[in-house]
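First the structure, in the form of structure tokens, and then the observations on it.
The values are calculated or read from the model by the stated rules, or taken from the named source; none is laboratory data. Note that this is a predicted model, so its numbers are computed, not measured. Reconstructed Cβ throughout: ideal geometry from the backbone, glycine too, with neighbour counts over all protein chains shown.
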Amino acid sequence: MKRWLIHIAMLWVCLSAAANETVDFTAIYNTANDAYVAKDYQSAIEGYEQLLSVGKVSPAVYYNLGNAYFRVGSMGFAILNYERALKLEPEHEDAAFNLKLANLQINDRVEPATEFILITWFNKLVHGRSASGWGIWALAAIWLALVIGVLYIFSGNLALRRVAFAFMAMFIVGSVVLMGFAKIQYQYENVTTKGIITVTNTYVKAAPDQSSTDLFILREGTKVTLMGTENGWQKVKVADDAGDKVGWVREDVLGLI
Amino acid sequence: MLLLLAFAASAQTGSFKAIVSKTTFAENESIQVTFSIENMSDRNFAPPDFRGFNVLSGPMKGMSNMNINGVRTSSVTYVYLLQAQAPGKLTIGPASIEHNGKTVRSNSITLTITKAGSRNNNSGGGNNGGGNENVSVNDYLNENLFVRLFVDKKEVYKGEQVTATYKLYRKLQVDQYSITQAPAFNGFWTIDIEDSKTIDFDVETLNGVQYYVATVRKVALFAQKTGELEIDPMGLECMVVVPTGGWSYRKFQHKFSSGKAKITVKPLPGNQPADFSGLVGELDMQVTMDKTNAQTDDPITLSIKYSGKGNLKFLENPQPELPKDFEMFDPKLSERSTRQGNVVGGTRQIDYLLIPRRAGTYKLPPITTSYFDLKKGDYVTLRSPEIVLSVKGESSVTTPATTGINKEEVELLGKDIRYIETGEPELTTEGSFVMPLPLYAGVYATPFLLFYGLLAFKRKRDKELGNTKLMKRRKAGKVAAKRLKQAEERMNAQDKRGFYDELLKATWGYLSDKLGIPPSDMNKDMALNALRARSIDEAQLNELGIMLDTAEMALYAPSTVNESLQQTYDRATAIIDQLENSLS
């Protein structure tokens, strides 16, 4: 009994500490917003970046940071942060709108490949909820399946048992599907597959080596697919009219979405 | 050559002598007489009267100063060209000069002149000058006025420079000259080194004889094909002026030609680089950019400067590989040829005007040019360093973003971005999940475990439940026997109530265990029905009914029962025995 009390007390301390921190971060966020309003975009950028540097994220922070970068003319970073905001919140309408505007400002635009409509729907469905959200739903479904399972086990009525079994199976399958969504979304949230060029332009090399051949030039704001790293170099793929182009760029010219 | 030397007079080391090449001449042969004065002044030189001779030309005065082993020698020569008037013995008298106030005379020479017919040395007369002049004059002219072709190399690589020099040698006075046959130099690329319109003569010694020498033409040749190549001869025509004594002179037209020369042209080695420029010699390349930090639309000059030896005209203009973001104009060329001695070279500058249209950091890839280095005897590739160029600013000329824009985007172009989000930021920790993954896995797996646990529990309980019934059923007979024994004891003790109670317990207990009906649900009808369902015949059931009725009657209304305890007991044991047999 005493142990329990100690555990609860510790948990409470941790939670209150976390709550205090949240207050501080919110203050930073608000200060950055004030700087933006005062057209001090550089300070605003510093404020938002400070939040991101300690791992505190939200679609709003990314979106506002994107706006600040847009105002100072750093289109690469603006696009990067709009994309990040949209990754966290695909239905963020303002971020989508501003991203479109930012994309109009850059030189080389890589048109996104048109994908099969079902895939688009599927992505919209899966990315519409966070991995945590899907995870909770999957848990709820599996526990509900258990409740129905208990009914199935202990009921003496054969008809009731049959219905219970069918529902239990349905909830288990449903939970597995939700779990799949959670996994896809978790992957999407935690594994970066796209990047944005954040320097004015960069030469794409044939190999992860400064002395290797220049293949082509990528410009600020271009979205690339990441294909692996080696010694500080990132293999990237760009969709082009003439098919996909693949090459290596230094990691520091890229911002990962 | 036979020299007849005679010292007529000498003062210290000085000498004054008359020289002829031989003492016997044909009648129509020309005779050259040279009066040579060494280390003496030629003041008041008086030729002999040349009686019996016609003076064809002369005097031609030559002077030279030489310094041999510290001894200074000055010499003056007077040359006359004579022709005998008639055969026979003729004497050229002494000439005279005044030296230190004294008159000094040269030796006299006696010549034998033979008849013209007797010694007809017809040389065929290829290059006969004046048609009215005879062969011996031509010989004389050829000896004293000729053109030679010199080639500095006999064997060259294709494209290597070989220098051809045409030199005019004369001892005679030439009034004018013209080139009748200009060499064509087929198979060569030519660059003239000297092609003077006016000829300046210098004194030069050829085979020990002094001549006035002038270079008529000097040309650098670059063979364009391999194999044996011929360098064409040059033909000249001169007006030779021959003084005939006093103020009078005669003019002869003289035509002559240089020989031709042969050179061997070797092909270049086979390992020729792809970017070989064709230049054979030496080359240096410098690639510069007038600025490496530029604004968009701000012109930049890229200069490629070649300098070297050889035929720079062979060089092709390299095409710089620049990104599409640059506008590049046709290059401006400036060439200058230079010479180091006879070696032809030069500089060539190629200026490209570039206009960057987009901001960015660009690289000008190295420009390479290969040439054949004669000193190394191998190909050399020149490679300029990579130039990094930084361009800043927005271009006013192009709006690249407007390419491939759709209607919706055109509308967007004029719009401004939407305002920031304010209010609660709802910060989360990056990459966080609802709970740590292992915990999540545990919470997710728990229902499965619980389900299987419950399922197992149910099965076990069912199993256990099933076992008790069986056991009870099996043990029913023994339990009943035990109870009947107790009833018998009660009977012996004459405890009627106790007896009936035990008897009923034994019977009901037996039926309950055997039929699997809980004692609470047990009654007579249920028991009889259950037994009937197990095909027990009616007689036994009847007997059981009577026994139960009797026992209960005896328990609750003892007076109405006539049967003795022993009878009831026997009946009960008999029925249980029978049921035990039928139901086992």
**Item:** Failed condition for residue A:130, given (1) within 10 Å of another protein chain (Cβ to nearest Cβ); (2) touching a Leu at 6+ places or on another chain (Cβ under 9 Å); (3) surrounded by fewer than 18 Cβ atoms within 10 Å (Cβ to Cβ); (4) of a type outside the set (Lys, Arg)
**Value:** (3)
**Item:** So residue B:383, is it within 14 Å of chain A (Cβ to nearest Cβ) and under 19 Å from residue A:218 (Cβ atoms)
**Value:** no
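Matching residues to (1) within 22 Å of residue A:105 (Cα to Cα); (2) at pLDDT 90 or above; (3) over 20 Å from the mean Cα position of the chain (by Cα); (4) within 10 Å of chain B (Cβ to nearest Cβ):
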| site | (1), (2), (3), (4) |
| --- | --- |
| A:52 | no, no, no, yes |
| A:69 | yes, yes, no, no |
| A:82 | yes, yes, no, yes |
| A:91 | no, no, no, no |
**Request:** State all residues of segment A:133-184 that are over 21 Å from residue A:87 (Cβ atoms), aliphatic (A, V, I, L, M) and more than 13 Å from chain B (Cβ to nearest Cβ); if no residue qualifies, say none.
**Result:** A:158, A:159, A:160, A:163, A:166, A:170, A:173, A:177
**Message:** Just checking, does segment A:85-101 include any residue being over 19 Å from residue A:60 (Cα atoms), touching a residue at least 40 places away in the same chain (Cβ under 8 Å) and surrounded by 16 or more Cβ atoms within 10 Å (Cβ to Cβ)?
**Reply:** no
**Asked** Is it true that some residue in segment A:221-229 is within 11 Å of chain B (Cβ to nearest Cβ) and either of a type in the set (D, E, K, R) or surrounded by 13 or more Cβ atoms within 10 Å (Cβ to Cβ) (or both)?
**Response** yes
**Message:** When you check residue A:210 against the structure, is it surrounded by fewer than 17 Cβ atoms within 10 Å (Cβ to Cβ), within 12 Å of chain B (Cβ to nearest Cβ), out of contact with any helix residue (DSSP H, G or I) (no Cβ under 6 Å at 6 or more places or on another chain) and under 27 Å from residue B:392 (Cα atoms), yes or no?
**Reply:** yes
**Asked** Got at least one residue in segment B:557-568 being in a helix (DSSP H, G or I), surrounded by 12 or more Cβ atoms within 10 Å (Cβ to Cβ) and of a type in the set (Gly, Ala, Ser)?
**Response** no
**Request:** Pull up segment A:230-241, narrow it to residues that are exposed (fewer than 13 other Cβ atoms within 10 Å of the Cβ) and either within 14 Å of chain B (Cβ to nearest Cβ) or under 20 Å from residue B:322 (Cα atoms) (or both), then point me to the one that is modelled with the lowest pLDDT.
**Result:** A:241
**Message:** I'd like to check something: does segment B:432-445 contain any residue that is at the interface with another protein chain (Cβ under 7 Å from one of its Cβ atoms) and closer than 30 Å to residue A:155 by Cβ?
**Reply:** yes
**Request:** Considering every residue within segment B:163-172, establish whether at least one is of a type outside the set (Lys, Arg), at pLDDT below 85 and more than 44 Å from the chain's Cα centre (by Cα).
**Result:** yes
**Asked** Can we say residue A:251 is within 12 Å of chain B (Cβ to nearest Cβ) and either acidic (Asp, Glu) or more than 18 Å from the chain's Cα centre (by Cα) (or both)?
**Response** no
**Item:** helices (runs of 4 or more DSSP H) (entirely within segment A:57-110) containing at least 1 residues that are farther than 23 Å from residue B:430 by Cβ and touching a Leu at 6+ places or on another chain (Cβ under 7 Å)
**Value:** A:93-105
**Request:** Consider residue B:333 carefully, then state whether it is part of a strand (DSSP E or B), among the hydrophobic types (A, V, I, L, M, F, W, C) and over 30 Å from residue B:219 (Cβ atoms).
**Result:** no
**Request:** Name the residue, out of A:217, A:148, A:196, that is of a type outside the set (Ser, Thr, Tyr), over 25 Å from residue A:55 (Cβ atoms), surrounded by 15 or more Cβ atoms within 10 Å (Cβ to Cβ) and at pLDDT 90 or above.
**Result:** A:148
**Prompt:** Any idea which residue in segment B:339-380 is modelled with the lowest pLDDT, counting only those that are of a type in the set (D, E, K, R) and closer than 30 Å to residue B:218 by Cβ?
**Reply:** B:339
**Complete:** For residue B:452, the lone unmet condition from (1) at pLDDT below 85; (2) assigned to a helix (DSSP H, G or I); (3) not aliphatic (A, V, I, L, M) is (1)
**Item:** Filter result (over 30 Å from residue B:47 (Cβ atoms) and either at pLDDT 85 or above or of a type in the set (Val, Ile, Thr) (or both)) within segment B:238-258
**Value:** B:257, B:258
**Item:** Meets criteria (free of Cβ contacts under 8 Å to residues at least 40 places away in the same chain, surrounded by fewer than 13 Cβ atoms within 10 Å (Cβ to Cβ) and aliphatic (A, V, I, L, M)) for residue B:209
**Value:** yes
**Asked** What is the number of the single condition among (1) in a strand (DSSP E or B); (2) modelled with pLDDT of 80 or more that residue B:86 does not meet?
**Response** (1)
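For (1) touching a Lys or Arg at 6+ places or on another chain (Cβ under 8 Å); (2) free of Cβ contacts under 8 Å to residues at least 40 places away in the same chain; (3) in a strand (DSSP E or B); (4) crowded, with 16+ Cβ neighbours inside 10 Å, each residue gets a yes or a no:
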| site | (1), (2), (3), (4) |
| --- | --- |
| B:219 | no, no, yes, yes |
| B:225 | yes, no, no, no |
| B:228 | yes, yes, yes, no |
| B:237 | yes, no, yes, yes |
| B:240 | yes, no, yes, yes |
| B:271 | no, no, no, no |
| B:278 | no, no, yes, yes |
| B:281 | yes, no, yes, yes |
